[in-house]
Amino acid sequence: MKEKVFSAEELSLLKRIASALIPASEEGGLPAADDEVIFQCVLENPAEQLIQLQSLLFELIKQEGGAAVVTAWDRTHFDNWIADYEKQWPKQVHSFFKVYIAMLLRAYYQDARVLIAYDRRPGPPFPEGYVVIEGDWSLLDAVKNRKPFYRR
């Protein structure tokens, strides 16, 4: 499906954006969102969603000169461009980011390496399920105690 929907430049740009939005964490042993397994999971979304994503990507980058121009930017220019959009989150950010981030997060938190890093059993939670004690906020301690990894 990906070959039919996205050009090589668009795929490259989507991977670069994914890596900027969810970078790898060496200390946590977590992959970036542009990891091949995770990225392939994103590309397994229904064709309608991928076509919508492509349309939104085109809309996002056309004011910059298109995919070829944006993919040619150096890291600093690209990171600043992404940071400008991140500052607008969630109220005024471009619709591309709302759709793409949802796709990335679904794929990212289905990855076995990510689940293991957060002490979760890989695979779907059912039929076994997870036992969660009602009101046990200690489950969030690992998230609350880590250093911020997002841009300010």
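No value in this document is a laboratory result; all are computed from the given coordinates. All of these numbers come straight from a predicted model, not from anything done at the bench. Reconstructed Cβ throughout: ideal geometry from the backbone, glycine too, with neighbour counts over all protein chains shown.
Listing for the model above:
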| read-out | value |
| --- | --- |
| For the stretch 16-55 versus the stretch 62-109, the gap between their alpha-carbon centres in whole angstrom | 12 Å |
| Computed [θ] at 222 nm, helices only, for the chain once each DSSP H run of length n ≥ 4 contributes -39500 (n - 2.57) | -16000 deg cm²/dmol |
| Glu59-Glu36 FRET efficiency (beta carbon distance; Förster radius 22 Å; 0.05 resolution) | 0.25 |
| Over 31 Å (Cα to Cα) - which of Lys98/Lys144; Lys4/Lys147; Lys4/Lys87; Lys62/Lys87 fall in this group | Lys4/Lys147; Lys4/Lys87 |
| Charge dipole (debye, nearest 20) of the chain; +1 at Cβ of Lys and Arg, -1 at Cβ of Asp and Glu | 340 debye |
| Relative contact order of the chain, defined on C-alpha pairs under 8 angstrom at six or more residues apart (%) | 24 percent |
| Length added when fully stretched, Gln110-Asp141, from 0.36 nm per residue minus Cα-Cα | 9.1 nm |
| Ranked by how many other beta carbons lie within 10 Å on average, peptides 107-113, 133-139 from highest | 107-113, 133-139 |
| Estimated FRET transfer efficiency when R0 is 25 angstrom, pair Ala47-Tyr118 (beta carbons, to 0.05) | 0.20 |
